[in-house]
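The block underneath contains the structure these notes are about, expressed in structure tokens.
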Ligand SMILES: [Zn+2]
Ligand SMILES: [Zn+2]
């Protein structure tokens, strides 16, 4: 099968002909129809995340059709449409798994990082971790929901009942989650440098848009940081009122500069979001078609995965990039 393969971090992916993966018990073989390109893929390719499987087929926002069933796989039938997200497997036995925090599993495996993902014609997945895709969405429309949407949603849920919500950075996750926030009656403030990003945020219902250099102090109930820039943490803390929460939604961030205790004091809370649970996926896929959440995306053929990554790195994408097989 055709695949785009990472042989060495900090080098471009190489278009390769590799064997169709073989099935283990409880797995499905999926013919990939679409796979969105996530910022995490970029962190892996750029060598910012440690110890990826090598060589590696990246990609963890996969929509495809079940092509074959492994032994004991019963959840789906051949031909069914499934989504495959970032969390590929958890142990079910560690302290975290037993306490409803499978996203923090000590032994978790991740699609397109510790096992091969969807920048290929086929991939395999543990059927228990596959996601049902609402009928409303075409394959390419659904792919960006599977990480940008799911992890963005987990970040958004951490803001609780906040009414005035700030979003720092306006990429793939932010443009999906703002739709849910506006649907739920939130007043969303978006901080992003680019004029296009600001216009885009306004078109999706942002109450206020502007540069993160000009954050009004104590004006928000909560803030979510999607941009991987540690310098935004003190700014976001300054923007929230006493008791407010600042959520870091990314898997990687540059160092956070030193800041005075004052801006954290007043029972402000700073937290991160790691991975997702199957419950997050189910909840998001229930609410997404009601909003309805619509992804903005640009389609690339599989062989142009490197240019999709380059455009993402340069901040030149509005919304998400999706590889169409
Ligand atoms: Zn576990
Ligand atoms: Zn992702």
Residue list for segment 257-278, filter: within 27 Å of residue 110 (Cβ to Cβ) and either in contact (Cβ under 8 Å) with a residue 40 or more places away in the chain or exposed (fewer than 11 other Cβ atoms within 10 Å of the Cβ) (or both)
271, 273, 274, 275, 276, 277, 278
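Within segment 6-34, how many residues turn out to be assigned to a strand (DSSP E or B), free of Cβ contacts under 8 Å to residues at least 60 places away in the same chain and away from ligand 2 (no atom under 16 Å from the Cβ)?
Restricting attention to segment 6-34, the residues satisfying the condition of being assigned to a strand (DSSP E or B) are 6, 14-17, 27-34.
Now restrict to residues that are free of Cβ contacts under 8 Å to residues at least 60 places away in the same chain: 6, 14, 16-17.
Imposing the further condition that a residue be away from ligand 2 (no atom under 16 Å from the Cβ) reduces the set to 14, 16-17.
Residues flagged as assigned to a strand (DSSP E or B), free of Cβ contacts under 8 Å to residues at least 60 places away in the same chain and away from ligand 2 (no atom under 16 Å from the Cβ) within segment 6-34 amount to 3.
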Can you name every residue in segment 294-312 that is farther than 19 Å from residue 198 by Cα and either surrounded by 16 or more Cβ atoms within 10 Å (Cβ to Cβ) or in contact (Cβ under 8 Å) with a residue 24 or more places away in the chain (or both)?
299, 300, 302, 303, 304, 305, 306, 308, 309
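Test residue 165 against the stated conditions and say whether it is in contact with a strand residue (DSSP E or B) (Cβ under 9 Å, 6 or more places away or on another chain), in a strand (DSSP E or B) and closer than 20 Å to residue 154 by Cα. Working first, answer last.
Details: in contact with a strand residue (DSSP E or B) (Cβ under 9 Å, 6 or more places away or on another chain): yes; in a strand (DSSP E or B): yes; closer than 20 Å to residue 154 by Cα: yes.
Yes, satisfied.
Would segment 116-126 turn up any residue that is touching a strand residue (DSSP E or B) at 6+ places or on another chain (Cβ under 8 Å), farther than 16 Å from residue 247 by Cα, part of a strand (DSSP E or B) and within 16 Å of ligand 1 (Cβ to nearest atom)? Steps first, answer last, please.
Taking segment 116-126 as the starting set, the residues that turn out to be touching a strand residue (DSSP E or B) at 6+ places or on another chain (Cβ under 8 Å) are 116-126.
The next check asks that each one be farther than 16 Å from residue 247 by Cα; those that pass are 116-126.
Keeping just the survivors that are part of a strand (DSSP E or B) gives 120, 122-126.
Going one step further and asking which of them are within 16 Å of ligand 1 (Cβ to nearest atom), we end up with 126.
Yes, that holds for at least one residue.
Please go through segment 197-220 and give me each residue that is within 20 Å of residue 264 (Cα to Cα) and surrounded by 20 or more Cβ atoms within 10 Å (Cβ to Cβ), ordered by number. Before you say what the answer is, go through the steps one by one.
First, the residues of segment 197-220 that are within 20 Å of residue 264 (Cα to Cα): 212-220.
Listed by number, the residues that qualify are 212, 215, 220.
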If a residue has to be within 12 Å of ligand 2 (Cβ to nearest atom) and surrounded by fewer than 20 Cβ atoms within 10 Å (Cβ to Cβ) to count, how many in segment 134-170 make the cut?
0
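Here is a yes/no grid of residues against (1) more than 16 Å from ligand 2 (Cβ to nearest atom); (2) surrounded by fewer than 17 Cβ atoms within 10 Å (Cβ to Cβ); (3) within 16 Å of the chain's Cα centre (by Cα):
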position	(1), (2), (3)
76	yes, no, no
83	no, no, yes
90	yes, no, no
114	no, yes, no
Being modelled with pLDDT of 95 or more and not in a strand (DSSP E or B) is the filter here; which residues of segment 296-310 pass it?
302, 303, 304, 305, 306, 307, 308, 309, 310
Selection within segment 35-55 - surrounded by fewer than 24 Cβ atoms within 10 Å (Cβ to Cβ) and not in a helix (DSSP H, G or I)
46, 47, 48, 49, 50, 51, 52, 53, 54, 55
So is residue 256 modelled with pLDDT under 95, over 22 Å from residue 294 (Cβ atoms) and either part of a loop (DSSP other than H, G, I, E, B) or under 18 Å from the mean Cα position of the chain (by Cα) (or both) or not?
no
Qualifying residue in segment 191-199 (condition: free of Cβ contacts under 8 Å to residues at least 24 places away in the same chain, more than 16 Å from ligand 1 (Cβ to nearest atom), farther than 20 Å from residue 317 by Cβ and over 21 Å from the mean Cα position of the chain (by Cα)):
no
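The values are calculated or read from the model by the stated rules, or taken from the named source; none is laboratory data. Since this is a predicted model, take the numbers as computed values, not measurements. Every residue, glycine among them, receives a Cβ derived from its backbone with ideal geometry; neighbour counts consider all protein chains shown.
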